[in-house]
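The values are calculated or read from the model by the stated rules, or taken from the named source; none is laboratory data. Computed from a prediction, not measured in an experiment: that's the story for all the values here. Cβ sites come from the backbone with ideal geometry, for glycine too, and all protein chains shown count toward neighbours. We work out accessible area using only protein heavy atoms, side chains counted, and drop any ligands, DNA or RNA first. Shrake-Rupley method; radii C 1.70, N 1.55, O 1.52, S 1.80 Å.
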Amino acid sequence: RQIRALEAEIDRLAREQYPHTQLLTQVPGVGNLTALAYLLTLGDAQRFSSSRMVGPYLGLAPGRRQSGDRDQPMSITKAGDQHLRWLLVQSANHVLRRDAPDTDLKRHGRKLAKGGSKIAKRIAKVAVARKLAVLLHALLTSGEAYEPLRNAHAHRRRQTPLSA
């Protein structure tokens, strides 16, 4: 009963005090808790000059070890809010499930996890979480409706020749 009461309170809070959560919950796998945590952690979304800066801010970008001619990629930096990063990874899990709807995010993750190894799947999950953070910021700043297959449709339009 307590869990249901708290979930109802989160839903009420999202609906009444933070209406921007509706933009974020359009994305499959993103619920009110994740949307609220995202909004409250980022604060003013306009402080990021680009949506791509959100991934590193949340610690979802790979670190680098550079020395001379060597440029080794490392694991993610884990900077930023740990709870939001965990929520985004859980949302990425939801996006990558077999029964999840077909989206650009799912296609990206499946392409990265194509090898099938545990490490490839883990890398794909974190990459989808980073892409999800960037997508949520773009939706928040633009106010546009979410298009699940936006990149796929744009690619198809580029491939078809114009009729004269």
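Of note:
- Residue pairs whose Cβ atoms lie under 7 Å apart, separated by 6 or more positions or on different chains, with the first residue in segment 1-20 and hydroxyl-bearing (Ser, Thr, Tyr) and the second surrounded by 12 or more Cβ atoms within 10 Å (Cβ to Cβ), are Tyr18/Leu36; Tyr18/Leu39.
- Complete set of residues in segment 113-147 that are open to solvent by 60 Å² or more (accessible area, probe 1.4 Å), within 15 Å of the chain's Cα centre (by Cα) and of a type in the set (A, V, I, L, M, F, W, C): Ile123
- Among the residues of segment 90-112, those that are within 17 Å of Val30 (Cβ to Cβ), assigned to a helix (DSSP H, G or I) and either open to solvent by 60 Å² or more (accessible area, probe 1.4 Å) or in contact (Cβ under 8 Å) with a residue 24 or more places away in the chain (or both) comprise Gln90, Ser91, Ala92, Asn93, His94, Val95, Leu96, Asp104, Leu105.
- Identity of the residue in segment 148-164, in a helix (DSSP H, G or I) and open to solvent by 60 Å² or more (accessible area, probe 1.4 Å), that ends up modelled with the highest pLDDT: Arg150
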